[in-house]
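Asker: Just passing along the structure, written as structure tokens.
The values are calculated or read from the model by the stated rules, or taken from the named source; none is laboratory data. Quantities reported herein were computed from a predicted structural model and do not represent experimental measurements. As a convention, Cβ positions derive from the backbone with ideal geometry for all residues, glycine included, and neighbour counts pool all protein chains shown. For accessibility, only protein heavy atoms count, side chains too; no ligands or nucleic acids. Shrake-Rupley method; radii C 1.70, N 1.55, O 1.52, S 1.80 Å.
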Amino acid sequence: MDHAALLKAAVDARKASYCPYSHFAVGAALLCSDGTVYIGANIENASFSPTVCAERVAFFKAVSDGKRDFTAIAVSGGREGGGPDALVAPCGVCRQVMMEFAKPDAFEVVLADGGGNPKAYRLSDILPLGFGPENLA
Ligand code: THU
């Protein structure tokens, strides 16, 4: 699957967002190295802190399904009911979850540029000097 198709899956995934507090709907589409795609949307909570981002929902669905090898994740976000904003990037906690399961120099984070086209970043570029499993090996 190419970056444009993965980004489209993330845009579509926003429809399932549960965001009654922020009204900011995020979708994510995680590409496994076997070609499988897992989607996720942000899920908020009245107590606020249990809120989970779209990226982590996608990762935890995949990992709990036995997947361990990942190629890329696309992320799309914007006001609920509206179109996606440009360059909605993963929060720090989600970058740390990616670091746990992905090779930072190879794993790509795909965002929409101002024109809605995919723009890819390597995880190692958006999480420099990250702490990961190899630090505990
Ligand atoms: N959110 C995500 O789902 N992913 C991100 O990368 C940034 C933020 C969600 C969390 C919360 O439900 C809403 O966006 C506003 O912060």
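Asker: Among rounded, prolate and oblate, which fits the stretch 6-75 when a ≥ b ≥ c are the square roots of the eigenvalues of its C-alpha gyration tensor, a/c under 1.5 means rounded, and a/b larger than b/c means prolate?
Answerer: oblate
Asker: Something else: Taking 25 Å as R0, compute the FRET efficiency from the Cβ-Cβ separation of Asn117 and His23 and round it to 0.05.
Answerer: Plugging the Cβ-Cβ distance into 1/(1 + (r/R0)^6) gives 0.45.
Asker: If the reach is capped at under 17 angstrom between alpha carbons, list the aspartates and glutamates near Lys15, excluding any in the same chain fewer than eight residues apart.
Answerer: Straight-line reach from Lys15, under 17 Å: Glu44, Glu55, Glu80, Asp85.
Asker: Percent of accessible area on the chain owned by carbon and sulfur, 1.4 Å probe?
Answerer: Numbers: 3990 of 7150 Å².
C and S atoms contribute 56 percent here.
Asker: Could you tell me the calculated FRET efficiency between Ser124 and Ser47, based on Cβ-Cβ distance and R0 = 35 angstrom, to the nearest 0.05? Numbers along the way, then the final one.
Answerer: On the way: r = 34 Å, r/R0 = 0.98.
E(calc), rounded to 0.05, equals 0.55.
Asker: Moving to a separate point now. Mean residue ellipticity at 222 nm from the helices of the chain, using -39,500 (n - 2.57) per DSSP H segment of n ≥ 4 over the full residue count, to the nearest 500 deg cm²/dmol?
Answerer: Here the helix-only value at 222 nm equals -7500 deg cm²/dmol.
Asker: Cross-link partners among aspartates and glutamates for Lys103, C-alpha distance below 14 Å, same-chain residues fewer than 8 apart left out?
Answerer: Correct list for Lys103: Asp69, Asp125, Glu134.
Asker: While we're here: Can you give me the accessible area per residue for the stretch 22-61, using a 1.4 Å probe, in Å²?
Answerer: On a per-residue basis, 43 Å².
Asker: To continue, here is another question. Work through the residues other than Lys119 whose Cβ is under 15 Å from its Cβ and net out their charges, Lys, Arg +1 and Asp, Glu -1.
Answerer: -3
Asker: Next question, about the same structure. Compute the distance in nm between two label points, each set 7 Å from the Cα along the Cα-to-Cβ direction, one at Asp65 and one at Arg79.
Answerer: 3.3
Asker: Okay, moving on. Ordering Met1, Met99 by accessible area with a probe of 1.4 Å, largest first, what comes out?
Answerer: Result of the area sort, largest leading: Met1, Met99.
Asker: Something else about it: Size of the dipole of the stretch 18-119 about the Cα centre, Lys and Arg at +1 and Asp and Glu at -1 on the beta carbon, nothing else charged, in debye to 20?
Answerer: Here the stretch 18-119 has a charge dipole of around 100 debye.
Asker: A further question on this structure: Could you give the length gained by full extension between Val93 and Asn135, i.e. 0.36 nm per residue of separation minus their alpha carbon distance, to one decimal place?
Answerer: 13.4 nm
Asker: I've got another one for you. Looking at the calculated P(r) for the chain, what percent of the C-alpha pair distances fall above 18 Å?
Answerer: Tail of the P(r) past 18 Å holds 50 percent of the pairs.
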